[in-house]
Amino acid sequence: MFRIGDRVCPRYHMSKVGTIVEMYQRPVTAGNAAGSFSKMWIIKFQADDDKVIYEIKAQDLLKAE
């Protein structure tokens, strides 16, 4: 799992390395499986190169080593 202050990068744009500044959960409203839905983690991170804060699902992030 991720923590505030971790270094991360998006899975599909790995040159955008940054630091996590905020994390929160959002309810899932649609799916293609039976059963109840759990909440998903949304992570805000600030990129090092342009100082923009991006908001992305935790499943689409990787830890930057």
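Restricting the first member to region 1-26 and to residues that are closer than 13 Å to ASP49 by Cβ and in contact (Cβ under 8 Å) with a residue 24 or more places away in the chain, and the second to residues that are outside any strand (DSSP E or B) and of a type in the set (Val, Ile, Thr), the beta-carbon pairs closer than 6 Å and six or more apart or on different chains are CYS9/VAL17. Within region 14-24, one or more residues are assigned to a loop (DSSP other than H, G, I, E, B), modelled with pLDDT under 95 and either among the charged types (D, E, K, R) or surrounded by 10 or more Cβ atoms within 10 Å (Cβ to Cβ) (or both). Here ALA34 meets each of (1) of a type in the set (Gly, Ala, Ser); (2) modelled with pLDDT under 95; (3) surrounded by 14 or more Cβ atoms within 10 Å (Cβ to Cβ) with one exception, condition (3). When you scan region 17-35, do you find a residue that is among the charged types (D, E, K, R), under 21 Å from LYS63 (Cβ atoms) and in contact with an Asp or Glu (Cβ under 6 Å, 6 or more places away or on another chain), even just one? For region 17-35, residues among the charged types (D, E, K, R), under 21 Å from LYS63 (Cβ atoms) and in contact with an Asp or Glu (Cβ under 6 Å, 6 or more places away or on another chain): absent. Within region 39-49, the set of residues being surrounded by 10 or more Cβ atoms within 10 Å (Cβ to Cβ) and assigned to a loop (DSSP other than H, G, I, E, B) comprises LYS39, ASP48. Of all residues in region 30-58, those that are more than 23 Å from VAL17 (Cβ to Cβ) have Cβ atoms under 6 Å from Cβ atoms of residues that are in a strand (DSSP E or B) and modelled with pLDDT of 90 or more, 6 or more apart or on another chain, in LYS39/GLN25.
The values are calculated or read from the model by the stated rules, or taken from the named source; none is laboratory data. Bear in mind that the values here come from a model prediction, so they are computed numbers and not experimental data. A quick note on method: Cβ atoms are made from the backbone with ideal geometry, for glycine too, and the neighbour counts reach across all protein chains shown.
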